[in-house]
């Protein structure tokens with residue numbers, strides 16, 4: 001299947017997910033007390049294309065790192081005000097979709113995720129912006145009965161590579177523990 005026919009075949013799924021995220025984004029996003037955002041349409045354009053990804057994920061039960069590979073296909077949509085990522089990890093029979101949408105009035109990006117196994121869109125999603133070549137996105141979540149903060153960071157962005165990593169804070173943002181690294185290399 002060619003890239004174009006693959007996109008056409010997935011278009012109804014992408015449109016459905018995007019419509020759901022757009023409808024929920026403005027209603028579900030919490031007010032964020034951050035310095036004035038500098039986000040703009042096009043911030044995620046670097047992501048468009050085909051990627052090979054080296055994952056390194058911390059196993060919470062053992063503290064050991066689990067390493068595996070994956071791949072992604074990403075598209076810029078809505079004249080740069082949106083980005084769709086289809087992540088695949090064939091060896092683990094895993095797939096998911098990242099949906100990133102720019103809220104022009106607040107100059108903030110919202111980053112949503114849906115796992116193919118559950119089919120549930122994460123809400124409210126992480127919100128953030130790019131500053132000085134680095135995108136930082138945060139959300140307040142729960143881990144069981146404990147409130148935590150989750151941060152996803154896009155950095156080391158070049159035309160052929162970048163890194164995404166996730167960190168968690170259990171003390172209101174005073175300290176952070178990185179628990180997932182993804183090193184992306186353009187195909």
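All of the numbers you see were taken from the coordinates with simple rules; none came from a lab. Predicted, not measured: the structure shown is a model, and the values here were computed from it. Here the Cβ positions follow ideal geometry from the backbone for every residue, glycine too, while neighbour counts run over all protein chains shown.
Debye sum, Cα scatterers, the stretch 90-147, no solvent: what log₁₀ I/I(0) at q = 0.22 1/Å?
Ignoring solvent entirely, the Cα scatterers give -0.96.
Would you please give the FRET efficiency between residue 140 and residue 64, computed as 1/(1 + (r/R0)^6) with r the Cβ-Cβ distance and R0 = 30 Å, to the nearest 0.05?
Values: r = 28 Å, r/R0 = 0.93.
Efficiency, rounded to the nearest 0.05: 0.60.
List the residues of the stretch 120-138 whose backbone N lies under 15 Å from a point placed 7 Å from the Cα of residue 147 along the Cα-to-Cβ direction.
No residue passes the distance filter.
Tell me, 127, 160, 73 in order of fewest to most beta-carbon neighbours within 10 Å?
Working: 127 23, 160 10, 73 18.
By the 10 Å Cβ count, ascending: 160, 73, 127.
Within 10 Å of each residue's Cβ, count the other Cβ atoms and sort 174, 107 from fewest upward.
174, 107
Using only Cα atoms, what is the ratio of the radius of gyration of the stretch 59-115 to 2.2 N^0.38 Å? The partial results should precede the final answer.
Numbers: Rg = 14.9 Å, N = 57, 2.2 N^0.38 = 10.2 Å.
Compared with the compact-globule rule of thumb, the stretch 59-115 sits at 1.46.
Most exposed first by the Cβ proxy, i.e. fewest other Cβ within 10 Å, how do 103, 134, 67 rank? Write down the numbers at each step before the final one.
On the way: 103 16, 134 13, 67 10.
Listing 103, 134, 67 from fewest to most nearby Cβ atoms yields 67, 134, 103.
Would you mind calculating the relative contact order of the stretch 48-187 from Cα pairs under 8 angstrom and at least 6 residues apart, reporting the percent as a whole number?
Values: 320 pairs, mean separation 25.4, N = 140.
Relative contact order comes out at 18 percent.
Under 1.5 on a/c is rounded, so check that first for the stretch 110-187, then, if it is not, pick prolate when a/b is larger than b/c and oblate when it is not; a ≥ b ≥ c are the square roots of the alpha carbon gyration tensor eigenvalues. Let's see the in-between values first.
Numbers: a/c = 1.95, a/b = 1.35, b/c = 1.45.
The shape class here is oblate.
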